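*Asks:* Sharing a structure, written as structure tokens. Questions coming.
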Amino acid sequence: MRHLSRRAALALGAGSAAIALVGWSKSASATPQAAAADIAKFTGGAKPETGKISIELPEIAENGNTVPLSISVDAPMTSADYVSDVLVVAEGNPNPGVATFHFTPLSGKAEASTRIRLATTQNIVVVAKTSGGKYFTASKLVKVTIGGCGG
Amino acid sequence: MAETPKIRVPKTAKKGDVIEIKTLLPHIMESGQRKDREGKVIPRKIINKFAVEFNGKPVFSTTIEPAVAANPYLQFFAKVDESGTFKFSWTDDDGSVTTAEEKITVS
């Protein structure tokens with residue numbers, strides 16, 4: 001079932017790739033500045049420290065339509081000290097926002113995985129907020145062979 | 001919503017265990033960036049929020065942007081201290097909500 005639907009999705013993406021590519025070259029791409037603005041909104045202007053976060057992404061994503069992404073933040077996840085929100089932004093997509101994960105002490109681990117779309121080779125930036133109001137950040141470069149155009 | 005989500009939750013666990021949960025909802029996740037053959041933008045239609053509760057208490061949720069791939073897949077964890085029911089919900093741009101439930105027995 002899962003394979004079928006994924007295949008269908010890929011076929012859809014390939015079919016409209018040409019059209020979509022034209023569409024994207026016209027539309028304004030997100031820039032590191034736009035991504036930074038999203039991050040500033042998330043942190044309320046606070047400057048996040050580097051560390052605590054590990055990002056798992058393929059070094060080279062052959063298909064930008066579905067790129068596996070895993071994020072894990074080192075945190076005790078007790079009601080006194082846990083990671084509450086994790087923002088993911090992409091510096092080279094049409095819009096920088098990708099997803100925001102919201103954790104609670106019931107999450108057990110500040111860890112989540114999903115699959116994302118990447119238009120081009122770019123940096124993925126992750127910012128985590130702790131219950132104590134601290135911010136941490138990490139980023140990772142992904143090389144994208146075929147952009148996640150249509151999808 | 002006609003589509004049925006696929007959810008993987010262990011049937012049983014020990015008290016205090018941190019269990020892994022995987023979910024997938026078949027959905028086109030139309031980004032709003034694509035154009036049709038006439039050059040008109042295909043309107044955005046995505047799942048914009050996913051949330052999980054356990055016995056009524058929030059466990060995990062995600063705000064989703066169009067940069068999440070079609071058929072949104074999410075893998076995450078939950079700490080279980082008692083038996084109960086996970087409630088999952090996916091909110092579509094059109095306002096419709098797909099829901100599902102999974103039970104777990106904790107000993």
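*Asks:* Determine whether A:Ile53 is surrounded by 12 or more Cβ atoms within 10 Å (Cβ to Cβ) and either modelled with pLDDT of 95 or more or small (Gly, Ala, Ser) (or both).
*Replies:* Considered against the rule, which asks whether it is surrounded by 12 or more Cβ atoms within 10 Å (Cβ to Cβ) and either modelled with pLDDT of 95 or more or small (Gly, Ala, Ser) (or both), A:Ile53 comes out as yes.
*Asks:* Then there is this: Pick out the one residue from B:Gly16, B:Gly32 that is within 18 Å of B:Ile104 (Cα to Cα) and surrounded by fewer than 18 Cβ atoms within 10 Å (Cβ to Cβ).
*Replies:* None of the other options fit; the residue is B:Gly16.
*Asks:* Does at least one position in region B:82-90 carry a residue that is at the interface with chain A (Cβ under 7 Å from one of its Cβ atoms), of a type outside the set (Val, Ile, Thr), surrounded by fewer than 22 Cβ atoms within 10 Å (Cβ to Cβ) and part of a strand (DSSP E or B)?
*Replies:* Scanning region B:82-90 turns up no residue that is at the interface with chain A (Cβ under 7 Å from one of its Cβ atoms), of a type outside the set (Val, Ile, Thr), surrounded by fewer than 22 Cβ atoms within 10 Å (Cβ to Cβ) and part of a strand (DSSP E or B).
*Asks:* A:Pro76: without any contact (Cβ under 8 Å) to a residue 12 or more places away in the chain and either hydrophobic (A, V, I, L, M, F, W, C) or closer than 30 Å to B:Thr85 by Cα (or both), yes or no?
*Replies:* Judged against the criteria, A:Pro76 is a match.
*Asks:* For B:Pro43, indicate whether it is crowded, with 22+ Cβ neighbours inside 10 Å, farther than 17 Å from A:Ser107 by Cβ and touching a residue at least 12 places away in the same chain (Cβ under 8 Å).
*Replies:* Taking the combined requirement at face value, the residue does not satisfy it.
*Asks:* Right, next: Scanning region A:131-150 for residues that are buried (at least 18 other Cβ atoms within 10 Å of the Cβ) and polar (S, T, N, Q), which turns out nearest to B:Val41 (Cα to Cα)?
*Replies:* Here the residue is A:Thr137.
*Asks:* Which of the following residues is part of a strand (DSSP E or B), surrounded by fewer than 15 Cβ atoms within 10 Å (Cβ to Cβ), within 11 Å of chain A (Cβ to nearest Cβ) and not acidic (Asp, Glu): B:Lys49, B:Lys22, B:Lys79, B:Lys103?
*Replies:* The unique qualifying residue is B:Lys22.
*Asks:* From the list B:Phe60, B:Phe54, pick out the single residue that is within 30 Å of A:Tyr82 (Cα to Cα), of a type in the set (A, V, I, L, M, F, W, C), without any contact (Cβ under 8 Å) to a residue 40 or more places away in the chain and in contact with a His (Cβ under 9 Å, 6 or more places away or on another chain).
*Replies:* B:Phe60
*Asks:* Which of the numbered conditions does B:Asn71 fail, given that it passes all the others? Conditions: (1) surrounded by 18 or more Cβ atoms within 10 Å (Cβ to Cβ); (2) on the phi > 0 side of the Ramachandran plot; (3) more than 9 Å from chain A (Cβ to nearest Cβ).
*Replies:* All conditions are met except number (3).
The values are calculated or read from the model by the stated rules, or taken from the named source; none is laboratory data. None of the values given here were measured: they were computed from a predicted structure. Cβ sites come from the backbone with ideal geometry, for glycine too, and all protein chains shown count toward neighbours.
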